[in-house]
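The structure appears below as structure tokens.
The values are calculated or read from the model by the stated rules, or taken from the named source; none is laboratory data. On a predicted model such as this, the values are computed, not experimentally measured, just so you know. In this analysis, Cβ positions are derived from the backbone assuming ideal geometry, glycine residues included, and neighbour counts consider all displayed protein chains.
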Amino acid sequence: MLSRFLYIFAALASFTTAATTREPIRFTLSFLDAAAHYVDVEARIPTEGKDALTVFMSVWTPGSYLVREYARNITRLEAFSTQGDSLPIAKTTKNRWQIESGHQSHVIVRYRLYGREINVRNNWIETDFAMINGAPTFISVVDDHQRPYVVVVDRPSNWATTHSALIAGEHPDEFTASDFETLVDSPILVGNPEIDTFDVSGVPHSLVTIDGGGVWDNGRAAHHLKLVIEAQRDFWGHLPLDRPYTVFNLLTGSRGGLEHRNSFTITADRWLGRTHGGITSWLSLASHEYFHTWNGKRLRPVELGPFEYEHENHTKSLWIVEGITSYYQHVILTRAGFYTPDRYLGAVSGSIAGTQRTPGRLVQAFSESSFDAWIKAYRSDENSVNTRFSYYGGGAVAGFLIDAKIQMVSDGAVSLDDVMRAAYDRYSGLSGYTQAEFITLAGEVAGHDLTAWFDALVNQSGEFDYQPALDWYGLEFEQPKPPAIPEPGSPAASDPPDPAKGWLGAVTTDKSGRLTITQVRSDTPAAEAQLSVDDEILAVNGLRVSQSQLARRLELYGAENTVDLLISRRDQIMTLPVTLGLKPEATWRLKILSDASDEQKARVTKWLHTRP
């Protein structure tokens with residue numbers, strides 16, 4: 001371990017020295033055709049005497065694990081000498097170009113990019129603003145990432161400011177990056193945003209918001225965000241920032257987030273700011289992304305740095321990076337005072353319910369889900385629920401179970417909080433950790449070998465055992481209310497009892513008046529009857545049925561009864577018998593036991609840092 005650290009430290013020192021003494025690649029971003037969603041990029045690249053250069057564009061964005069082929073957005077790419085003469089250039093792969101520089105001291109590369117994907121990983125350019133991300137924007141020289149970069153924004157006159165977590169240059173629209181990873185990891189927003197600033201531990205933070213629409217209170221949101229960040233600082237014991245931090249808040253209606261080393265970007269609904277529930281929903285997303293300042297950006301799996309930008313970077317540990325972060329995003333809100341303990345239990349209950357309603361938990365383990373993120377996580381289809389297990393929602397449940405386990409085996413002496421801080425102390429920076437190292441460290445902190453327990457939790461698919469955690473905290477799952485029983489002697493008492501409600505289990509929708517199946521879960525009567533996605537349901541037992549009638553009709557037929565579904569499959573009419581099942585009634589809603597002991601109550605108080 002020490003030798004690995006010393007090697008990386010020496011390499012970093014060498015790269016840093018080399019980068020600071022080399023001439024930077026200089027980019028200029030222009031928005032002459034912003035209304036058509038274009039940004040024009042000019043790169044001035046030192047050749048260092050070479051007669052040919054190979055340049056490339058990244059195919060993915062760190063933190064979003066899917067090859068997205070950003071070079072597809074380039075409409076043209078040309079190379080010139082500093083005198084303006086055209087230079088020979090040839091595209092050699094999907095994202096590489098070779099330029100014949102002819103021993104010129106520099107080459108000028110110009111290209112136009114189309115950007116109209118308003119999410120956290122791509123570019124969006126329009127008349128009012130531009131959100132520029134590094135990976136889908138900047139080219140660089142192959143195998144030459146350790147050099148400085150300068151970005152100059154040619155800002156339209158009607159756009160007031162330029163914001164980035166890059167280091168400010170000589171004027172307000174100029175920024176510098178020490179290396180390619182920093183360049184890629186630092187979004188740039190140009191436009192007329194709302195800006196509110198605050199300090200945490202002496203570090204300036206800016207909440208930079210686009211599209212507030214007059215309904216978003218940016219000052220209030222910034223005030224609340226400060227409290228969340230202070231709670232996270234207290235959790236880790238420090239704030240690992242040596243320069244200002246930027247929060248890019250795009251209120252475009254969608255919901256997403258992406259972490260960076262000195263910033264994060266989220267998309268959300270501007271109307272969230274109008275209610276307490278809405279602002280805490282926004283804070284939950286912000287809490288997740290800021291927690292990555294430690295867990296993900298500085299403490300990360302060994303496979304996720306230094307990055308390979310032209311190919312997948314596989315790791316089995318995204319359940320640590322994303323799952324444990326998903327667990328703590330709600331714990332932190334509770335400790336910051338935004339959630340009551342009951343509301344927190346509602347949040348973890350939602351994660352448990354999502355887990356238990358996903359048949360894929362019985363098929364895919366967390367380590368497999370992490371490794372296969374590149375081909376499955378961002379490519380959902382109608383069968384994903386049956387074969388895939390999310391390292392986000394499922395990982396949040398794992399975090400809950402891991403935390404309780406560490407507390408139990410240490411008799412309350414330590415928790416997952418202590419494991420995360422120890423992991424940061426040992427593995428943050430360039431060293432990174434393997435999944436096995438993280439699990440071993442958890443056992444060391446707990447004072448108990450947890451290897452076998454973790455192996456069952458993260459390397460094997462199957463059901464979770466919640467009971468030990470519930471017993472530790474004094475919790476239970478709410479039970480469904482039993483059906484009402486008529487009063488003895490009442491007229492209804494002589495009637496036969498209502499049958500249990502029938503349930504098909506398929507997800508359906510109305511497609512232009514057609515009752516169409518959109519999902520069939522593997523553990524339902526629909527799957528047993530061999531119903532399929534895109535089947536159109538025409539009738540039940542010979543009676544026509546619509547989308548609004550289906551669920552009620554099946555309930556009345558009753559569970560364990562067989563009905564005939566008349567369906568159309570690719571225009572072929574057929575009848576399928578279906579034995580209806582009993583709809584799962586479990587809510588998976590956690591609550592504190594009415595007879596919880598004082599010791600159990602104290603554990604909950606300590607866990608969530610709430611007042612008795």
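Here are some notes:
Rundown of residues vs (1) assigned to a strand (DSSP E or B); (2) in contact (Cβ under 8 Å) with a residue 40 or more places away in the chain; (3) farther than 25 Å from residue 106 by Cβ, yes/no style:
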position	(1), (2), (3)
27	yes, yes, no
35	no, yes, yes
40	yes, yes, no
45	yes, yes, no
66	no, yes, yes
75	yes, no, no
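- Screening residue 445 on (1) touching a Leu at 6+ places or on another chain (Cβ under 8 Å); (2) touching a residue at least 24 places away in the same chain (Cβ under 8 Å); (3) not in a loop (DSSP other than H, G, I, E, B) shows it passes everything except condition (1).
- Among the residues of segment 207-228, the one identified as of a type in the set (S, T, N, Q) and either modelled with pLDDT under 95 or within 22 Å of the chain's Cα centre (by Cα) (or both) is 209.
- Looking only at residues in segment 522-538 that are surrounded by 18 or more Cβ atoms within 10 Å (Cβ to Cβ) and under 32 Å from the mean Cα position of the chain (by Cα), the one that is nearest to residue 385 (Cα to Cα) is 524.
- Taken over segment 372-419, the criterion of being without any contact (Cβ under 8 Å) to a residue 40 or more places away in the chain and hydrophobic (A, V, I, L, M, F, W, C) is satisfied by 375, 413, 414, 419.
- Residue that is of a type outside the set (A, V, I, L, M, F, W, C), assigned to a helix (DSSP H, G or I), surrounded by fewer than 18 Cβ atoms within 10 Å (Cβ to Cβ) and in contact with a Phe, Trp or Tyr (Cβ under 8 Å, 6 or more places away or on another chain), where the choices are 343, 426: 426
- Considering only residues in segment 258-283 that are surrounded by 19 or more Cβ atoms within 10 Å (Cβ to Cβ) and of a type in the set (Gly, Ala, Ser), the one that is modelled with the lowest pLDDT turns out to be 273.
- Look at (1) out of contact with any Gly (no Cβ under 6 Å at 6 or more places or on another chain); (2) surrounded by fewer than 22 Cβ atoms within 10 Å (Cβ to Cβ); (3) not in a loop (DSSP other than H, G, I, E, B) and you find that residue 176 fails only one, number (1).
- Helices (runs of 4 or more DSSP H) (entirely within segment 516-612) containing at least 3 residues that are under 15 Å from residue 505 (Cα atoms): 525-528, 547-557
- Each residue in segment 98-126 was checked for being modelled with pLDDT of 95 or more, of a type in the set (S, T, N, Q) and outside any strand (DSSP E or B), and 2 of them qualify.
- The residues listed here are 315, 252; of these, the one that is in a loop (DSSP other than H, G, I, E, B), touching a residue at least 24 places away in the same chain (Cβ under 8 Å) and either outside the structural domain of residue 369 (by TED's automatic domain parsing) or charged (D, E, K, R) (or both) is 252.
- Options 365, 336, 286: the member that is surrounded by 20 or more Cβ atoms within 10 Å (Cβ to Cβ) and either assigned by TED's automatic domain parsing to the domain that holds residue 179 or in contact with a strand residue (DSSP E or B) (Cβ under 7 Å, 6 or more places away or on another chain) (or both): 286
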